[in-house]
Amino acid sequence: MIKKNKGNDKKQWFLYPANLRTKTIIIILISAIVIISIFIASTFIKDIPTHFINANQIPSFEHPFGTDWMGRDMFQRTIAGLGLSLMVGFIASAISTIISIILGLFSSFNRFADEAVAGVIDLFSSIPHIILIILVSIMFGGGVLGVIMGVGLTHWTPLSRVLRSEVKEIRTKEYIQLAENLGKNKIWIATKHILPLIVSQIIVGVILMFPHAIMHEAAITFLGFGLPPHQPAIGVILSESMNYLASGSWWLAFYPGMSLLIVVLLFDLIGENVEKLLNPETAQK
Amino acid sequence: MNKNQILKFFGYKLLRFVILMIAVAIFSFVLLDLSPIDPVSAYLKGTAVSESQRAILESYFGVNVPLTTKIYHWLVELMHANLGTSLVYRAPVTDVIIEKFSASAVLMALSWLLSGIFGFLIGIVAGKNKGSMIDKAVKVYCYAIQSAPPFWVGMLILMIFAIYLGWFPIGLGVPIGVKSTDATFIDWASRLVLPTLTLSLVGLAPIAMYTRNELIQVLSSDYVLFAKSRGEKGWDLIKNHGIRNILLPAVTLQFLSFSELFGGAVMVEQVFSYPGIGQTAVAAGLQNDVPLFLGIVVISAIFVFVGNLLADLSYYLINPRIKESEFSD
């Protein structure tokens, strides 16, 4: 017994002996706090003062991310941009999730509905994602609405695919047959018998959808669709910094991109750990 | 495998292709028709014209024609490979797409090959040395690059190699003042290096992670334990039991990445101002060039379909275990 404990000591959490569940929850909490604090901080940033005296300064203690050509503090702009990205990502994920849940449950109705859902998924995944986003955002006439809809209406395919296969399996269960024989209608079965079983898939899917949505939002604003140039979105900041690359202002591009990368990584981390918690195979370790 | 099955397979795929293409064509057409773009204004770009001239243009662009008729005409013209005239380039869309796509095809093919080969090799090395520093470095790299926006990676590479070190030109397909037909091979090649490097660095992450995880799984299997007990070790063990098992799914996975490859090309071409299909798509989208954008949507859908078809083929035709059995699905 004692020997075994000694062997385990090395692997244990550095603060105190914790099992995987505690560790996972701590990781999730820390990541969530970072993301939420970025979001809250961004709401306080209204107008970033311009100081032309301080233009194009390299990163220092006063301006951790340097300043741009108008002397605006890049750290503030980056935080504001991340907040905007998080908001767009949040709305877009919400839209996508609703679509996937509806499609997933609709596929449970009958064979024809299932085939129809599969066809729609195939159609949406047959066009490269970025082209599809541009297409949808053009349809909504560009602007902020175009970006939100473009990102929101195109990110449901992976989750829908997962839900559809999950629903297909659940549908073969006996209690579904029983409920059908008892005369319950399809919608009742879908919401009472199928939806509760796919909730964990939906939660994980949503969290893993978030980073994609944020990245695509940055990509599409970088390409010039959507948000106007004075909005401090990450994509706008990066595309603006393209003009100053040749003059050696590396910090204008490096730090905002790096912050975006960290936020995306944090979301991935949360998603993976939540999946660990929800998956019964790994949750009890 | 007999001829019948092959015919059946291709017949099925052809049918799917036709249905999918019609769906994509109608879908994209309807979306763009619903958009607030006015084709006459997009054509005129603010030029002042009289009411009667505007009426002529409106009838030419079919502003008041019902949607169903427009879709029918669009599909008929699509069958004849006539995609209309681009408003930005003032040239037939097919010509523009062929020219731009061939430039992109070189870029995408090179990055596809490089990312596949290096991704696989890195994955093998990382999987073989599980838990070592190399493995950890590969894992960190793959996680980071998959979370990084591809255009940002492109900008970093541009900063390092083109501006800081000055080894490569900053952008454009050929030097300024030189016709594209007069450009030498070196001119072309030197401008291909950085976009290709970016796309390869981004593209190798998924394949490396996949190979690594699969190899670790194979190496912990019973038959590898048995092979080890027989005295096989080192590279031979990896080659005989690892690579043979992993290579085919990895190739399939790489074919399935055509969609991401195209998306990556769109962004990377924008960063390096490489005159390919991606940059053209962005220009067409920003300047409301509906015919050209529709053409690009159709072309990109064909491109993705070809990738999926090749993935299926590589799975069904090369894999010795499936060769014998029937084509399902």
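The values are calculated or read from the model by the stated rules, or taken from the named source; none is laboratory data. Being a predicted model, the structure only gives us computed values, none of them experimental. Because the Cβ atoms are built from the backbone with ideal geometry, glycine has one as well, and the counts that use them run over all protein chains shown. Heads up: the accessible areas ignore ligands, DNA and RNA and are worked out on the full protein's heavy atoms, side chains in. Shrake-Rupley method; radii C 1.70, N 1.55, O 1.52, S 1.80 Å.
Quick grid of which residues meet (1) among the small types (Gly, Ala, Ser); (2) open to solvent by 10 Å² or more (accessible area, probe 1.4 Å); (3) part of a loop (DSSP other than H, G, I, E, B):
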residue	(1), (2), (3)
B:Pro275	no, yes, yes
B:Gly295	yes, no, no
B:Ile302	no, yes, no
B:Gly307	yes, no, no
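Being in a helix (DSSP H, G or I), open to solvent by less than 30 Å² (accessible area, probe 1.4 Å) and among the β-branched types (Val, Ile, Thr) holds for only one residue in B:Ile56, B:Ile98, B:Ile71, and it is B:Ile71.
For segment A:155-243, give me every one of the helices (runs of 4 or more DSSP H) that falls completely inside it and has 1 or more residues that are of a type in the set (S, T, N, Q) and within 26 Å of A:Ser126 (Cβ to Cβ). Break it down stepwise before answering.
On the way: elements: A:157-171, A:174-181, A:186-189, A:199-223, A:234-241.
Because the criterion is at least 1 residues that are of a type in the set (S, T, N, Q) and within 26 Å of A:Ser126 (Cβ to Cβ), the helices (runs of 4 or more DSSP H) in segment A:155-243 that meet it are A:157-171, A:199-223.
Name every residue in segment B:142-157 that is touching a helix residue (DSSP H, G or I) at 6+ places or on another chain (Cβ under 6 Å), in a helix (DSSP H, G or I) and not small (Gly, Ala, Ser), in order of residue number.
From segment B:142-157, those touching a helix residue (DSSP H, G or I) at 6+ places or on another chain (Cβ under 6 Å) are B:142, B:145-155, B:157; that's our starting set.
Among the residues that remain, those that are also in a helix (DSSP H, G or I) are: B:142, B:145-147, B:150-155, B:157.
If the condition is that a residue be touching a helix residue (DSSP H, G or I) at 6+ places or on another chain (Cβ under 6 Å), in a helix (DSSP H, G or I) and not small (Gly, Ala, Ser), then B:Cys142, B:Ile145, B:Gln146, B:Pro150, B:Phe151, B:Trp152, B:Val153, B:Met155, B:Ile157 are the ones that fit.
Looking only at segment A:170-184, decide whether some residue is β-branched (Val, Ile, Thr) and either more than 25 Å from A:Ser100 (Cα to Cα) or buried (at least 23 other Cβ atoms within 10 Å of the Cβ) (or both). No, there is no match, as no residue in segment A:170-184 is β-branched (Val, Ile, Thr) and either more than 25 Å from A:Ser100 (Cα to Cα) or buried (at least 23 other Cβ atoms within 10 Å of the Cβ) (or both). Could you count how many residues in segment A:26-50 are surrounded by 14 or more Cβ atoms within 10 Å (Cβ to Cβ) and either in contact with a Ser or Thr (Cβ under 8 Å, 6 or more places away or on another chain) or at pLDDT below 70 (or both)? The total comes to 2.
I need the full set of residues from segment A:231-268 which are of a type in the set (D, E, K, R) and facing chain B (nearest Cβ under 9 Å), in order please. Correct list: A:Asp268 only.
Exactly one residue out of A:Gly119, A:Gly141, A:Gly146, A:Gly104 is small (Gly, Ala, Ser) and touching a Lys or Arg at 6+ places or on another chain (Cβ under 8 Å): that is A:Gly104. Residues that are over 22 Å from the mean Cα position of the chain (by Cα), within 14 Å of chain B (Cβ to nearest Cβ) and outside any loop (DSSP other than H, G, I, E, B) occur at least once in segment A:125-142. When A:Ile203 is tested against (1) over 22 Å from A:Pro158 (Cα atoms); (2) surrounded by fewer than 19 Cβ atoms within 10 Å (Cβ to Cβ); (3) more than 11 Å from chain B (Cβ to nearest Cβ), exactly one condition is not met: (1).
When B:Glu260 is tested against (1) under 18 Å from A:Ser125 (Cα atoms); (2) surrounded by fewer than 24 Cβ atoms within 10 Å (Cβ to Cβ); (3) over 10 Å from the mean Cα position of the chain (by Cα), just one condition goes unmet, and that condition is (3). Taken residue by residue, segment A:147-155 has no member that is within 8 Å of another protein chain (Cβ to nearest Cβ) and of a type in the set (S, T, N, Q). Annotation: B:Gln279 fulfils all but one of (1) more than 14 Å from chain A (Cβ to nearest Cβ); (2) at pLDDT 85 or above; the unmet one is (1).
This table checks each residue for (1) closer than 27 Å to B:Ser200 by Cβ; (2) modelled with pLDDT under 75.
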residue	(1), (2)
B:Val40	no, yes
B:Ser50	no, yes
B:Ala55	no, yes
B:Tyr60	no, yes
B:Asp95	no, no
B:Ser102	yes, no
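Is it fair to say A:Met258 is over 22 Å from the mean Cα position of the chain (by Cα), within 29 Å of B:Cys142 (Cα to Cα) and open to solvent by 40 Å² or more (accessible area, probe 1.4 Å)?
On the way: over 22 Å from the mean Cα position of the chain (by Cα): no; within 29 Å of B:Cys142 (Cα to Cα): yes; open to solvent by 40 Å² or more (accessible area, probe 1.4 Å): yes.
Taking the combined requirement at face value, the residue does not satisfy it.
Quick check: is even one residue across segment A:110-122 facing chain B (nearest Cβ under 7 Å), within 24 Å of A:Val204 (Cα to Cα), part of a helix (DSSP H, G or I) and hydrophobic (A, V, I, L, M, F, W, C)? The answer is no; no qualifying residue exists.
With away from every other protein chain (no Cβ under 14 Å), surrounded by 16 or more Cβ atoms within 10 Å (Cβ to Cβ), under 21 Å from B:Val193 (Cα atoms) and aromatic (Phe, Trp, Tyr) as the only criterion, which of B:Phe151, B:Phe118 stands out? Write out each step before concluding.
Numbers: B:Phe151 fails: away from every other protein chain (no Cβ under 14 Å).
Every option except B:Phe118 fails the conditions.
Right, B:Gly123: in contact with an Asp or Glu (Cβ under 9 Å, 6 or more places away or on another chain), over 30 Å from A:Ala213 (Cα atoms) and in a helix (DSSP H, G or I) or not? So B:Gly123 does not fit the description; no. Applying the set (1) facing another protein chain (nearest Cβ under 9 Å); (2) at pLDDT below 85; (3) in contact with an Asp or Glu (Cβ under 9 Å, 6 or more places away or on another chain) to B:Ile163 leaves exactly one unmet item: (3). Taking the conditions exactly as written (more than 18 Å from B:Val266 (Cβ to Cβ), out of contact with any helix residue (DSSP H, G or I) (no Cβ under 6 Å at 6 or more places or on another chain) and in a helix (DSSP H, G or I)), does B:Ile160 satisfy them or not? Yes: the conditions hold for B:Ile160.
Of the residues making up segment A:86-107, not a single one is modelled with pLDDT under 85 and not in a helix (DSSP H, G or I).
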